[in-house]
1. Tell me the residue from 137, 126 that is assigned to a helix (DSSP H, G or I), within 16 Å of the ligand (Cβ to nearest atom) and buried (at least 16 other Cβ atoms within 10 Å of the Cβ), please.
2. Please return the ranges of helices (runs of 4 or more DSSP H) entirely within segment 156-232 where 2 or more residues are within 16 Å of the ligand (Cβ to nearest atom) and surrounded by fewer than 19 Cβ atoms within 10 Å (Cβ to Cβ).
3. Within the bounds of segment 420-431, is there any residue that is out of contact with any strand residue (DSSP E or B) (no Cβ under 7 Å at 6 or more places or on another chain), modelled with pLDDT under 90 and under 21 Å from residue 130 (Cα atoms)?
4. Do we have any residue at all in segment 335-342 that's more than 18 Å from residue 153 (Cβ to Cβ) and either within 13 Å of the ligand (Cβ to nearest atom) or not in a strand (DSSP E or B) (or both)?
5. Among the residues of segment 93-122, which ones are away from the ligand (no atom under 16 Å from the Cβ), closer than 30 Å to residue 142 by Cα and not in a loop (DSSP other than H, G, I, E, B)?
6. Tell me, please, whether a residue that is touching a helix residue (DSSP H, G or I) at 6+ places or on another chain (Cβ under 6 Å) and part of a helix (DSSP H, G or I) can be found in segment 66-76.
7. Identify, from the list 430, 393, 376, the residue that is within 13 Å of the ligand (Cβ to nearest atom) and farther than 30 Å from residue 232 by Cα.
8. Would you pick out the residues in segment 304-329 that are at pLDDT below 95, within 15 Å of the ligand (Cβ to nearest atom) and not in a helix (DSSP H, G or I)?
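The values are calculated or read from the model by the stated rules, or taken from the named source; none is laboratory data. All values derive from a computational prediction rather than experimental measurement. Counting neighbours? That spans all protein chains shown, and the Cβs are built from the backbone with ideal geometry, glycine included.
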Ligand code: ARG
């Protein structure tokens, strides 16, 4: 189904053509002066140059062709040659009727669909999830849902940070704490216990302790590096410990992501890419791309058009050790082999942008990724506290995601239990839903690449451009619909009507903009577009609500029109928040 703007554009293009001008001038846009008109076409201004005529004359010619057109209730030429237009109530009604009956509200999926691997989340095993990982999870999850809505096949991969020194640090610290564990006995040949020798909270205590110690104690760090080396070269006891670390840590991560309604298809990690490294490196050497520079193996990735320096991509350090980017390149080898994606997208902190430029160029240059496979980096900004510095706990430590969620949830719980009839369980579930909406919407309503200030008070307000406001609007509609049915009526028997008031028309116009908004969000992979759309829609709805007697309306036919309109609105809003990755309660 065409977008509403396309429907109008086609009509105006026809009018240009009938008036003797090229149809390409007939593009219609939403008016930037809503006080004057709903839509406008500025094509006559451009056409004036081609036809050596005053723009006003051209616009008037077109206006004549549109006289009496059923799509418009007003077409007006204004100086110097704009066409100002209002859609007719009938045109809106007929568009909304089709929207109501069509899957995805008439949004047309992308014609050429891709198989996409989405790399997001990126938590590090055995380190607690902190707010820095929140953005990747929240933005990535929404982008995944948006791309799927557009018809793409999207495979989400968490890409665990499960390789490197952190494992050696944990092993070494554990050895100091519990030296008698069988994992440290090199002569042991039997099976290892199934039960991990630590809980998640112990594990989360071990890593920071080990990390702090390695900074002060050189011998400890040396031992941790040695343990990492032995682990990576197959020492049995350490590998058994690694699988315990992985198991304990991953089940905790899953619990956390679950709370965030973030779901991954693949739980692969950096370690899964390691087996691909030797062949990949050999091939880079054989093909003449990789060479030794200052002892390290590198691939040049600078290009002539670069305005900033892009340093070579380092593949192996002089001691032969692999690096973060070796792993990312090998991960691409693995992904190409296993999934043949058309597109790989990374949702990572924008400070890693240059790094990904190097990785992408290297992957293309060395043929790891074919020329026609897209590689996209979506960099997000930092989540700052009210002081403008990276978000911290009150004590100045790194804020853990779990703590943050629980804090906000408790605040929401206080807020809703003040004035309500809900049971304690309902209030608990509802406060979880509101907290999630507050956090996610607070993040997603900003353009991802920008830094933003995490302001709990602002985000959790029931008024303004916030998640709870959107939920509140949805709950308001649901409550009206519920009361309508409690009065013995059936929503299925209602039907949309042509708008009769200004606020009703505004609401219908907002609904008609759905496909346009989704299209923008898909093309730019930008959840903030969805936020902006549903915020406008919620505002239009609330305005209509305040101006209109709905349940008290005595004219039953009129009331049916209102109810059908509310029903469509609530479906579009709920669809919107689903794309953002949260849902609405029935009451709040
Ligand atoms: N684990 C990394 C970090 O915490 C993020 C991983 C991003 N994804 C990637 N393919 N490199 O910074």
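1. Values: 126 fails: assigned to a helix (DSSP H, G or I).
Result: 137 is the single residue among 137, 126 that is assigned to a helix (DSSP H, G or I), within 16 Å of the ligand (Cβ to nearest atom) and buried (at least 16 other Cβ atoms within 10 Å of the Cβ).
2. Counting at least 2 such residues, we get 200-216.
3. no
4. Within segment 335-342, not a single residue is more than 18 Å from residue 153 (Cβ to Cβ) and either within 13 Å of the ligand (Cβ to nearest atom) or not in a strand (DSSP E or B) (or both).
5. Within segment 93-122, 95, 96, 97, 98, 99, 100, 101, 103, 104, 105, 106, 115 qualify.
6. There is no residue in segment 66-76 that is touching a helix residue (DSSP H, G or I) at 6+ places or on another chain (Cβ under 6 Å) and part of a helix (DSSP H, G or I).
7. Being within 13 Å of the ligand (Cβ to nearest atom) and farther than 30 Å from residue 232 by Cα holds for just one of 430, 393, 376, which is 376.
8. 322, 323 - these are the residues of segment 304-329 that are at pLDDT below 95, within 15 Å of the ligand (Cβ to nearest atom) and not in a helix (DSSP H, G or I).
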